[in-house]
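Notes follow once the structure below has been shown.
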Amino acid sequence: DAGVIQSPRHEVTEMGQEVTLRCKPISGHNSLFWYRQTMMRGLELLIYFNNNVPIDDSGMPEDRFSAKMPNASFSTLKIQPSEPRDSAVYFCASSSRGAMTDTQYFGPGTRLTVL
Amino acid sequence: AQKVTQAQTEISVVEKEDVTLDCVYETRDTTYYLFWYKQPPSGELVFLIRRNSFDEQNEISGRYSWNFQKSTSSFNFTITASQVVDSAVYFCALTIKAAGNKLTFGGGTRVLVKP
């Protein structure tokens, strides 16, 4: 079975440009998570969805970040406008029900570099 | 609020040595789950194990073993007879019932296994 799929794997952009990261969760999973990994802050949860509905976006750094999940098999994380401090690896993860007991399975990540 | 501490930032061993990674967690909840993930140099996050707060039985999987002690709030991970392929960053993480499926990660321990 396919795991979590993320695209692109690498993105280099210039400050001020719009960046869109994409994620396809594992088929049948009802929860989706976006994480950011940086050297300074480690792994931090940005937002998560249950059944396509955003449940907690308290980790989204500011209004420049937005996330959508239009259907059960696709989600986007958008940064507009991007800034150099947004450079990080962005991971998408999914789990079956979004319960505490569920294991989250991670995608390969998107390495974002904002110049 | 919950917290996970991995005090060892980096451990260097020679192949075939055993290595133990420490994980200490803090939570007021009596119901929680603990996880270990591996992040090899390629960057993806690989799930290793999940343990609930009511199951203090230690677990062994091949060269990997885990020691869960509620009395000291620790969930330590040992790699026996380490191999070069074990070189990675290892993360300990926690979920609590009140937070749903939100993972709180430790800062990670980088393990370098030298041939």
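Laboratory data are not the source of any read-out in this text; all were calculated from the coordinates shown. None of these values were measured; they are calculated from a predicted model. So basically every Cβ, Gly included, is an ideal-geometry build from the backbone, and we count neighbours across all protein chains shown.
Please compute the contact order of chain B in relative form: average sequence separation of alpha-carbon pairs under 8 Å and at least six residues apart, divided by the residue count, as a percent. Please list the in-between numbers first.
Values: 286 pairs, mean separation 43.8, N = 115.
Rounded, it is 38 percent for chain B.
State the Cα centre-to-centre distance between the stretch B:53-67 and the stretch A:1-58 in whole Å.
What the calculation gives is 30 Å, centre to centre.
Can you work out ³J(HN,Hα) from phi for every residue in the stretch B:63-78, in order, using Karplus 6.51 cos²θ - 1.76 cosθ + 1.60 and θ = phi - 60°, giving whole Hz and x for Gly and Pro?
Karplus values, whole Hz, x for Gly and Pro: 8, 9, 8, 10, 10, 9, 10, 5, 4, 10, 6, 10, 9, 8, 10, 10.
Within a 10 angstrom radius of the beta carbon, how do A:Leu32, A:Leu46 rank from fewest other beta carbons to most?
Details: A:Leu32 29, A:Leu46 19.
So the ranking, lowest neighbour count to highest, is A:Leu46, A:Leu32.
How much length would be gained if the chain were fully extended between A:Ser7 and A:Val53, taking 0.36 nm per residue of separation minus their Cα-Cα distance, in nm to one decimal? If you can, show how the numbers build up before the last one.
On the way: separation 46, 0.36 × 46 = 16.56 nm, distance 2.14 nm.
So the chain would gain 14.4 nm between A:Ser7 and A:Val53.
Could you put B:Lys38, B:Lys70 in order, starting from the residue whose Cβ has the fewest other Cβ atoms within 10 Å? Don't jump to the answer; show the numbers that get you there.
Numbers: B:Lys38 17, B:Lys70 12.
Fewest to most other Cβ atoms nearby, the residues stand as B:Lys70, B:Lys38.
For the stretch A:18-26, what does the Karplus curve 6.51 cos²θ - 1.76 cosθ + 1.60, with θ = phi - 60°, yield as ³J(HN,Hα) per residue in whole Hz, taken in order and with x for Gly and Pro?
So the Karplus estimates, Gly and Pro as x, are 8, 10, 10, 9, 10, 8, 10, x, 5 Hz.
If you place +1 on the Cβ of every Lys and Arg, -1 on the Cβ of every Asp and Glu, and leave all else neutral, what size is the dipole of chain B about its Cα centre, to the nearest 20 Debye?
Details: 12 positive and 12 negative charges, 61 e Å.
I would put it at about 300 debye.
Report, in listed order, any pair from A:Lys24/B:Lys3; A:Lys24/B:Lys16; A:Lys68/B:Lys102; B:Lys70/B:Lys114; A:Lys68/B:Lys70; B:Lys16/B:Lys97 with a Cα-Cα distance greater than 27 Å. Could the numbers behind the result be given before it?
Values: A:Lys24/B:Lys3 29 Å; A:Lys24/B:Lys16 39 Å; A:Lys68/B:Lys102 18 Å; B:Lys70/B:Lys114 33 Å; A:Lys68/B:Lys70 39 Å; B:Lys16/B:Lys97 39 Å.
Table pairs above 27 Å Cα-Cα are A:Lys24/B:Lys3; A:Lys24/B:Lys16; B:Lys70/B:Lys114; A:Lys68/B:Lys70; B:Lys16/B:Lys97.
Hey, with R₀ at 41 Å, roughly what FRET efficiency would A:Glu18 and B:Leu112 work out to, going by the Cβ-Cβ distance, to 0.05? Working shown, then result.
On the way: r = 39 Å, r/R0 = 0.94.
It comes out at approximately 0.60.
If you stretched the chain out fully between B:Tyr64 and B:Asp18, how much longer would it get, using 0.36 nm times the residue separation minus the C-alpha to C-alpha distance?
15.6 nm
What is chain A's relative contact order, in percent, from Cα pairs under 8 angstrom and six or more apart in sequence? Please list the in-between numbers first.
Details: 292 pairs, mean separation 42.6, N = 115.
Once normalised by length, the contact order is 37 percent.
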